[in-house]
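Down below is the structure, laid out as structure tokens.
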Amino acid sequence: MSYGAGHDDNHDHKPTGIGRWLFSTNHKDIGTMYLIFALIMFFIGGAMAMVIRAELFQPGLQFVNPQFFNQMTTMHALIMIFGALMPAGVGLANWMIPMMIGAPDMALPRMNNMSFWILPFAFILLLSTLFMDGGAPAGGWTMYPPLTLQLGNAFPFLIFTIHLLGISSILGAINIIATIFNMRAPGMTFMRLPLFVWTWIITAFLLIAAMPVFAGAVTMMLTDKFFDTSFFSAAGGGDPVLFQHLFWFFGHPEVYILILPAFGIVSQILPTFARKPLFGYASMVYATAAIAFLSFFVWAHHMFTVGMPLAGELYFMYATMAIAVPTGVKIFNWIATLWKGSMTFETPMLFSLAFIVLFTIGGFTGLMMGITPVDFQYHDTYFIVAHFHYVLVPGAIFGVMAGIYFWLPKWTGHMYNETLGKWHFWLSAVSVNVLFFPQHFLGLAGMPRRIPDYNVQFADWNMVSSLGGFVFGLSQLLLVVVVIQCVRGGQKATDQVWEGAHGLEWTLPSPPPFHSFTTPPQVTEATAHS
Amino acid sequence: MNSDHISGKLAIFALAMFGFGYALVPIYDVLCDITGLNGKTGEITAESVSKLVVDYDRTVTVQFDTNVNSELPWTFRAVDKTLVVHPGEVTEAVFIAVNTSSAEVTGQAVPSVAPAQASLYFNKTECFCFTKQTLAAHEQKEMVVRFVVETGLPKKISTLTLSYTFFVTPEEKVGDLAFIAADPAI
């Protein structure tokens, strides 16, 4: 087969100007656009989080009215999940997968362009609702009917945003699978693939299986609202709880869509800085696949309180517990990789180590809520807020940050400012705990989520949490400084960049050529991955 | 396998999953019928009622909960808030609905039983919820439900709640109710 079918054959010529970006079919340029887009969305979603934390700094209503507060919680979630984390993951996949498997580019470069350029339009649709009569979606990112059906003009915009995002991520996922299945260099067998590539195969399958169900569910809402169907309307014989089942059938795989790429990144970084091969490579692959497979059978643990039969609650409890087994395999493998390693603590390693510790805390609180009887206390309190922020912020986002610091010298050809990187890490790692740990206490004490005002008994921990939030928010500006500095110049990076780095991407020059591997390299067990 | 081939297969898979989302709707209904998951009650014919054996040693408290959707200009209440019945015994409960608007409105009640486990054993021989109810302006109407709690009801359930919510019928909703919003009497 021919490599990189579909893009121009002129290997030395780089398109210039705005056209380079608008019409790009280059995996690196598209990866860069994904990452910049994700960064912008991270700051927009972050600004909304700052509004939330400012309002919750003290009891009583200070800055915003409750309706706007609800818009902020809903939009913060939608933007962070679909605008920041998912595009960041796809951006890293675009940049790294062709280089890691020894390919010149992605398998379907034009489709790659399309899946990126859908995103800005989708988020213009979504963000425009902030300026409409009735405001932005305010019924929670989970969009439960009947509340979400009562949204004003924002409702169809919300639904079509979800449709566009679904199309974008399904196209992206198809492209990633086609690339990995078809474009591997000779000798790069499946069981030699770097772990990041493996986690992305599995994530891509999750996307293709879960996103269409979500698209179907929101389409049903759309027809309920405008075409008098009654999928979720009790008046016409429908059932609003059915939406919750459909939503979480998508929603639970979605949380693994967010975290699995981070698992992959950490599995690349730990062996590099421990200077040891990854412990239990095969078990890592199987554990990731097992997590993904099980994720389709546990959805109703998000809705224990809707009134399920006891047998259902028991089933979903035990199935949820089962996911802890492959997740535990991964955690222990990471720890075993570190064992007796010659570790150094550069910024990517620091973020990865914090990831293991803090993601595990989030995992444990997840297990607590998987226990049906106690979930009745935790449900819809700040405890769940603390839980999913632990797995998504010092979990998924720290994973992405680690990946950015790890690969930035490869992308730019310059070493980043290690001192600033360390400052970014320590400020983030400390403040993220100040931000989210007290929320466990608030939740256990009974503070409900998604409220702009609260009982004075919750005042102290909310103030602590808000202070942590402001520090965390401001610290992220350091990332922008580091990235801009690194793009502009700095100490020249070697091809290998890191002393302990192994794998095809480190055999290319830093920065790599426009088309990664024009002649496929021969891969052996030793050169395949760390 | 080339890239077009594999992406075609994956696209078909994605479309199939979209269809699967819709297929979950009837699957959910069937599961609810079997398990009583959504609290929907059963129906029973007059013929099989006559064969029921009444368990006079056991009593079950049935509570009635009445709601009106905000779009429907009615009031709706149960004459008796609770009834104590024997399993197997056919009992009648009376409800009163009043149209508070100055226009004819059609509504329909949707029943639900809690706990959901009890819904499998709660059967109605006659119910105003089976059909649409039309009330003239300011009309008051008595509505009857005749039900029987089966003797198989699990022993640990001694109280169950029958809840009704009256909704505007979806056909009526389309445009017709604009006048109600404008009616200061409501």
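Where a number appears in this text, it was derived from the coordinates with a stated rule and is not lab data. The model shown is predicted, which means the values in this text are computed figures rather than measured ones. Positions of Cβ are backbone-derived with ideal geometry, glycine not excepted, and every protein chain shown enters the neighbour counts.
Remarks
- Cα gyration tensor, region A:483-530 - rounded (a/c under 1.5), prolate or oblate: oblate
- Inter-centroid distance (Cα atoms) of region A:142-193 relative to region A:291-316, Å: 24 Å
- Fewest neighbouring Cβ atoms within 10 Å first, the residues A:D375, A:D380, A:D239 line up as A:D380, A:D375, A:D239.
- Among B:H86, A:H389, B:H138, sorting on how many other beta-carbon atoms sit within 10 Å of each Cβ, with the fewest leading, yields B:H138, B:H86, A:H389.
- Relative contact order, whole percent, for chain A stands at 19, derived from Cα pairs under 8 Å and 6 or more residues apart.
- The alpha carbons of region B:42-182 give a radius of gyration and a Dmax of 16.7, 55 Å, in that order.
- 0 to 90° range, to nearest 10: angle between helix A:66-78 axis and chain A longest Cα axis: 30 degrees
- Seen against the Cα atoms of chain A and their longest principal axis, helix A:281-294 is set at about 30 degrees.
- Based on alpha carbons, the Rg and Dmax found for region A:59-133 are 17.9, 58 Å.
- Ranked list, fewest to most other Cβ atoms within 10 Å of each Cβ, for A:F123, A:F425: A:F123, A:F425
- nm² value of the averaged projected area, convex hull over the Cα atoms of chain A: 23.9 nm²
- Principal-axis tilt of helix A:195-226 within chain A, Cα atoms, nearest 10 degrees: 30 degrees
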